[in-house]
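To start, the structure itself, in structure tokens.
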Amino acid sequence: MTERNRGRPRAFDRDRAVLDAARLFWRRGYSGTSTRALTAALGLSTSSLYAAFGSKAGLFEETVRTYAERYRVIYEQAVTEEDLRVVIERILIGSVHEFTQPSDTHPGCLIASAVMTDSTSTLDTSAYIAELHRSNEQALLRRIERAIQEGDLAAGTSAVVLTGFVQALWHGLSVRSTLGTAREDLIEAAQLAHQLICQQLGPPMS
């Protein structure tokens, strides 16, 4: 570094700032993360933080939405698959890959983190995440109901029970990832669960 460049503030990288903030919020929750801790982690002054995000609450809301919405995308893309077995595989395996993104690009899964016990005046985190789960579950339920109607599954298959089972597996994988389970182990568990589901469903009827 030259004398001329020494001490010059680093260029503002919004994505990096959101990631660094997310790590603090996930670990400490909204209330437990001070503005001072945020400015230190992001390398910003208080005035720069407010100029970029409006407030601490605005930054918090952006971090939650940025990383939580990735799971909605996984479901939205998965349910477009023609084979329901592929739908379920993409939901489980795709989510594991998202849970276990490298720490330099992802703060970790928020489902069981400190962020879930906190909220702000602009975003009720628990309500937002609950809505996200409902949306994902309904997308999967509609896709399973379609598979039954189209004869891809036996007529006696309960769409509600199968949806609930897949969602229970999803949440279990999420919690295990938060506890530090390796990606390879989570993928093996997801693959085994998928195989067991497929065995129960049998081959496509069409």
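The values are calculated or read from the model by the stated rules, or taken from the named source; none is laboratory data. Since the model is a prediction, treat every value here as computed from it, not as a measurement. Cβ placement follows ideal geometry from the backbone for every residue including glycine, while neighbour counts extend to all protein chains displayed. These accessible areas exclude ligands, DNA and RNA; they are computed on the full protein's heavy atoms, side chains included. Shrake-Rupley method; radii C 1.70, N 1.55, O 1.52, S 1.80 Å.
Each row is one residue, and each column tells you yes or no for (1) surrounded by fewer than 19 Cβ atoms within 10 Å (Cβ to Cβ); (2) under 20 Å from Leu19 (Cα atoms); (3) at pLDDT 95 or above.
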position: Gln101; (1), (2), (3): yes, yes, no
position: Asp104; (1), (2), (3): yes, yes, no
position: Gly108; (1), (2), (3): no, yes, no
position: Ser121; (1), (2), (3): yes, no, no
position: Thr125; (1), (2), (3): no, yes, no
position: His133; (1), (2), (3): yes, no, no
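Checking each residue in segment 45-60 for being open to solvent by 40 Å² or more (accessible area, probe 1.4 Å) and either assigned to a helix (DSSP H, G or I) or under 26 Å from Val96 (Cα atoms) (or both) picks out Thr46, Ser47, Ser48, Tyr50, Ala51. So, in segment 150-178, how many residues would count as being open to solvent by 80 Å² or more (accessible area, probe 1.4 Å), free of Cβ contacts under 8 Å to residues at least 24 places away in the same chain and within 25 Å of the chain's Cα centre (by Cα)? Final tally of qualifying residues: 3. Yes or no: Thr63 in contact with a Lys or Arg (Cβ under 8 Å, 6 or more places away or on another chain), open to solvent by less than 60 Å² (accessible area, probe 1.4 Å) and at pLDDT below 90? No, not satisfied.
Selection over segment 31-44 of residues that are part of a loop (DSSP other than H, G, I, E, B) and more than 14 Å from Asp13 (Cα to Cα) gives a count of 4. Residues of segment 66-87 being β-branched (Val, Ile, Thr) and modelled with pLDDT under 90, which ones? Passing the criteria: only Thr66.
Only a single item in (1) open to solvent by 20 Å² or more (accessible area, probe 1.4 Å); (2) among the β-branched types (Val, Ile, Thr); (3) not in a helix (DSSP H, G or I) is not met by Ile74, and it is number (3). The set of residues in segment 180-206 that are aliphatic (A, V, I, L, M) and either open to solvent by less than 60 Å² (accessible area, probe 1.4 Å) or without any contact (Cβ under 8 Å) to a residue 24 or more places away in the chain (or both) comprises Ala182, Leu186, Ile187, Ala189, Ala190, Leu192, Ala193, Leu196, Ile197, Leu201.
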